[in-house]
Every structure is written in C-alpha cells, then in structure tokens.
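Structure first, then comments.
The values are calculated or read from the model by the stated rules, or taken from the named source; none is laboratory data. Owing to the predicted nature of the structure, the values given are computational and were not obtained by experimental measurement. Neighbour counts run over all protein chains shown; Cβ positions are idealised from the backbone, glycine included. These accessible areas exclude ligands, DNA and RNA; they are computed on the full protein's heavy atoms, side chains included. Shrake-Rupley method; radii C 1.70, N 1.55, O 1.52, S 1.80 Å.
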Protein chains: 2
Amino acid sequence: MKKLSFAEENYLKAVYHLSNAGELDVSTNSIAEEMDTKAASVSDMLRRLSEKEMVVYRKYQGVKISEKGKTAALQVIRKHRLWEVFLVEKLKFNWDQVHEIAEQLEHIKSPLLIQRLDDFLGHPKFDPHGDPIPDENGLFKEKPQVPLAEVEISGDGIVVAVKDTNSMFLQHLDRIGIYLGAKTKVTEKVEFDGSMEILVDGKNKLFISKEVAENVLVTH
Amino acid sequence: MKKLSFAEENYLKAVYHLSNAGELDVSTNSIAEEMDTKAASVSDMLRRLSEKEMVVYRKYQGVKISEKGKTAALQVIRKHRLWEVFLVEKLKFNWDQVHEIAEQLEHIKSPLLIQRLDDFLGHPKFDPHGDPIPDENGLFKEKPQVPLAEVEISGDGIVVAVKDTNSMFLQHLDRIGIYLGAKTKVTEKVEFDGSMEILVDGKNKLFISKEVAENVLVTH
DNA sequence: AATAATTTTTAGATTAATCTAATTTTATTT
DNA sequence: AAATAAAATTAGATTAATCTAAAAATTATT
C-alpha cells in the first residue's frame, strides 16, 4: 500500500464525495466537473487508480470506490477536517477562509502528526462547517441534517452545516447573521418562490431566499 | 513572481544553505549531494531557476543565489522553522522528530496562514534547534555560535544549536543529557583525540567525543 | 604544456499529470 | 431499429522532474 500522490488523493476524495460515501457509481464527467478538469484526464487517472485497486472501474460504466480507496479517502477527509478545526479554533480564521488552506494541509503525510493534532484539538467530532470527522479507522457519526427549506412551519433547528461551501455563500450567511450553531425557527414559508421567514436565536427575524434555505442544513 | 514548485523551493533552500546565506558560489555536485540527487538533474533545475531569475548561473562556474531567490528561500526557511516551533511547543514532538514533517509543511502556500501561525506562537525568534527565524522581510539575528570544541577550558556556554541535525545524533544528545538551553562548562580538554569533559547545568559531568564537541553549538 | 582526472552539461528516455482532437461506446430520439 | 446526441476513451502532445550514458569543459598532475 504505497503512498498516493496529491492528485490521486484528490481524485479519490472526489469519487468518495460524489458517490455519497462510496455507495453509488460515479460518472467520468461528474468527476471532471467536480475537479475542474477534462474528462480525458479523469479517464486516465481512473485507469491508474484502478490498477492500484483504489476503485473498481469498468470502461464506459463509471467507477465505484473500493474498500481500500474508501479508507484512503476517509483519512484524507479526516486530515482536512482536523486542520480546519485547527485553523478556526487556534489560528482564528473564519469558517469561510479555511477550505483552500486545508486542501493543501490534508496531503501532509505523517500519521503521528495527525494523532498529535487530534489530541491537541481535544478529539473534535465535527469540523467548523458541521461535517463529521472520521476517526483513525474511518468511522464517524452523521448528525441527521435537513435543509431549512424542508423544515415545516414553526419547526426548530440548529444550523449544523451548509451544502454549498463556496466562499461567497458563506460570506453572505455571515452578513445576514446565520452561523454554525444558530438556533432557527421557521416562521413563514412562501410557496411560489420557496423563500421563507425564520427567527434566529429567538430574536432576529430574517427573510431568506430559496437558494439560502436549500443550502443551510439544520438538525431538528 | 509566480509560485515556485516544491522542487524549486527545495533547490533554492539548498543553494541558500550551501552558499552560507547567499555569499559564496555553489557547485552543481555539492547541490546534488545535499539533495541526494544526480548532477544532471541539478544542471537542469539550475537552468530553470536561472530563467526565473532566482539564481545567477554561469555554466561550469556554479551558481549564486539572486536577491529574488534569497527572499524566496528565506520565506521557506521561515515557514519551516515556525512549523518546527509549532510541532515542539504545541504538539509535544521532540526536537529530533520535527524536521521531516516541517519539510512538508514548509511548502504550504498561504501568507495569512504563516502570519497567524507566527501570532499563535508568540513571534518566536529561534526554532527548536536554536536556528533563527527570519521575519516577513527575511531579516533575522544570529546568536554568535561556537562549537563546544572551540570553547577554552572553564569556559561557560548555553547550548543553542547543533551543526548536524541528523536524527541519530539528536537522539544521542538526548540520551547523554544534552539539550537546547543546557548550561555548559568545559572542565577538561583532551588534546590527542579532541574529546572533552563538560559539566551540564552545573551538576552532570559528561565525557563527550570530538564528534559531539564539534557539532554542539553554544553561545558564550 | 600535455595528459589524466574530475566536474558539469547535454542528449535522449521515462513517469505522472495534464491537455486537445479524434474515435468509440452508450443513451436518446425520432 | 436507425439516426443522432451525449459521454467516455484513446491517441498523440506537452510540461516538470527525474534518470543514465555520452560529450564537453575545467582542474589537477605529471
């Protein structure tokens, strides 16, 4: 089980995410789009990952991540999320600034480093976006998460994650006052455009668009 | 001033170190030896670094690092040493375990990250091996450092650095009880083999070989 | 100074990762 | 089911970084 290159790790991560934790088959084009690269490059890489038995690849039929690949992907995800916690908790970054840096840090190879970092951070179970951090064995528990858009009127929730992690969106949330851990109550739903009115922390009334409502995830 | 690759950064660092902070010309072979690679690879890379104006390269005459190159090298060195402080101070690594990991971390690209890390660590001026940490502008102050071997009898000192940073040597120092910050007094010098007797922290009498005495640096 | 030894560079290959363009396979639509 | 569209793969190039082997330049030694 030799070391994977940065590129290989990134492809594996993409396959893992797109396959919904390894269940579904993933198409070449969807990987290309996710990684902002060309389908030809993806085909090539899938062939190589397949030789390393990280994925099960049938030409023209898409790809499925293997157990071996899932383990590898989960370790990269673990590192990514631990570093995000470090950046926010210790280095005072905002949650919308950490992704890019964690994309680099996630490829540092040293099991001892990650163990020590995990200790230092107090074994966090979720990253600053509310996503769960896999343990050394790749195990983690998901909080059941629902988009605000699907919460019924007068339903309560706590913001635990966002679907879209793009920086502009996160900045918008900051601006209107939605943050991780905020308590929400849906006070009105507008049928024709999917927008809604919510109460944040029991005091701030907010009108949010369909786009926002669909991308903010809450537990209930 | 585009981004440098990992390999380019490593070559620049090697040139900087071998040239004694950029003063001397450096030979192709010495770089190859330092980097554990072949002279042909070095020639190639020097040509590329020269095109980017990071070094001044005259065929068959060796290279000199340029101002631009020196700036770049010092930023990598700054990052390396800050990460080493982080690993030792925050993650409880021993000083002989941090080099390899810092070799990876030094290539992470984010000026803001390094600024925040520096803040978090309280703007340290020296790394765990006693080497100075350049500031954002590449400036730093050297402590005047002398090998123990050159200290006269009854001379006092404080261990501030080691010349040889190889892991086996550092472990040996740990074992015999020499550490960064230890107070030393030379109590006897044996002429014919260069060994000596020293008193560490005023209480531990140690006999050290010529090899050790030449590689442990003290301020006085 | 001529020859030998050493150092450095060039020439030519190789590998990983990428691309464009052409081809092949699969899916969709008349 | 034939034709068309879409998706995926292959072929062929390119770039960075490396290597071995051969050639060229420099340095050292008779």
query = If each Cα of the stretch B:146-219 is one equal point scatterer, what is log10 of I(q)/I(0) from the Debye formula at q = 0.15, 0.25, 0.26 Å⁻¹?
reply = -0.40, -1.21, -1.32
message = Taking just the alpha carbons, could you work out the radius of gyration and Dmax for the stretch A:42-109, both in angstroms?
response = 15.4, 46
inquiry  = Could you identify which residue out of A:Gly177, A:Gly138, A:Gly157 has the top mean-square fluctuation in a GNM of chain A using Cα springs shorter than 10 Å?
reply    = A:Gly177
ask   = How large is Rg/Rh for the protein assembly as shown, to two decimals, with Cα atoms and a Kirkwood Rh?
value = 1.06
task = Would you mind working out the magnitude of the charge dipole of the stretch A:1-134 relative to its Cα centre, with +1 at each Lys and Arg C-beta and -1 at each Asp and Glu C-beta, to the nearest 20 Debye?
result = 540 debye
inquiry  = If the elastic network links every pair of Cα atoms under 10 Å, which of A:Lys203, A:Lys141, A:Lys68 fluctuates the most in the Gaussian network model of chain A?
reply    = A:Lys203
note = Simple SL model, points at 7 angstrom along Cα→Cβ for A:Thr37 and A:Glu197; separation in nm is 4.9 nm
note = The pairs in B:Lys3/B:Lys163; A:Lys3/A:Lys52; A:Lys90/A:Lys143; A:Lys13/A:Lys64 lying past 19 Å Cα-Cα in this model are B:Lys3/B:Lys163; A:Lys90/A:Lys143
ask   = Given B:Leu173, A:Thr28, B:Leu4, which one lies farthest toward the positive end of the charge dipole of the protein assembly as shown, if we put +1 on the Cβ of every Lys and Arg and -1 on the Cβ of every Asp and Glu?
value = A:Thr28
Length-normalised contact order of chain B in % [C-alpha pairs under 8 Å, at least 6 apart] = 15 percent
query = Considering chain A as a Gaussian network with a 10 Å cut-off on Cα pairs, which listed residue, A:Met35, A:Met196, A:Met54, attains the greatest mean-square fluctuation?
reply = A:Met35
ask   = For A:His123, which inter-copy label distances result when the label point lies 7 Å beyond Cα on the Cα-to-Cβ vector, reported in nm to one decimal and in ascending order?
value = 3.8
ask   = When the C-alpha atoms of the stretch A:78-139 are aligned to their principal axes, what extent does each axis show, in angstrom, from largest down?
value = 28, 21, 18
inquiry  = Per residue, how big is the convex hull of chain B when only Cα atoms are used? Give it in Å³.
reply    = 135 Å³
note = Label points for A:Lys59 built 7 Å along Cα→Cβ; distances to same position in the other copies, nm, shortest first, come to 4.6
message = Among B:Asn94, B:Leu112, B:Trp83, which residue has its Cα furthest toward the positive end of the charge dipole of the stretch B:81-132, with +1 on Lys/Arg Cβ and -1 on Asp/Glu Cβ?
response = B:Leu112
Gain on full stretching of the segment that runs from B:Asn204 to B:His17 - 0.36 nm per residue minus C-alpha separation = 63.9 nm
query = Based on Cβ point charges of +1 for Lys and Arg and -1 for Asp and Glu, what charge dipole magnitude is obtained for the protein assembly as shown about its Cα centre, in debye rounded to the nearest 20?
reply = 360 debye
remark   = Comparing each residue of the stretch A:97-119 in the complete protein assembly with the chain by itself (heavy atoms, probe 1.4 Å, ligands and nucleic acids ignored), those losing at least 50 Å² of accessible area are A:Gln104, A:Ile108, A:Leu113, A:Arg116
ask   = Distance in nm between label sites at B:Glu100 and A:Asp119, each 7 Å beyond Cα in the beta-carbon direction?
value = 1.7 nm
inquiry  = Using the Kirkwood formula on the Cα atoms of the stretch A:1-87, what hydrodynamic radius do you get, in angstrom to one decimal?
reply    = 12.9 Å
key: Under 15 Å from the Cα of A:Lys141 - aspartates and glutamates, other chains or at least 8 residues apart   = A:Asp127, A:Asp131
inquiry  = For B:Pro111, place a label point 7 Å from Cα along the Cα-to-Cβ direction in every copy; what are the distances to the other copies, in nm, shortest first?
reply    = 3.9
Mean Cα-pair separation over length for the stretch A:1-126, i.e. relative contact order, pairs under 8 Å, 6 or more apart, % = 22 percent
remark   = Plugging the Cβ-Cβ distance of A:Lys2 and B:Gln171 into 1/(1 + (r/R0)^6) at R0 = 22 Å yields, to the nearest 0.05, a FRET efficiency of 0.20
query = Given only helices, namely DSSP H runs of n ≥ 4 each adding -39500 (n - 2.57), what is the per-residue ellipticity at 222 nm of chain B, to the nearest 500 deg cm²/dmol?
reply = -12000 deg cm²/dmol
ask   = Dipole magnitude of the stretch B:113-220 about its Cα centre, charges +1 at Lys/Arg Cβ and -1 at Asp/Glu Cβ only, in debye to the nearest 20?
value = 300 debye
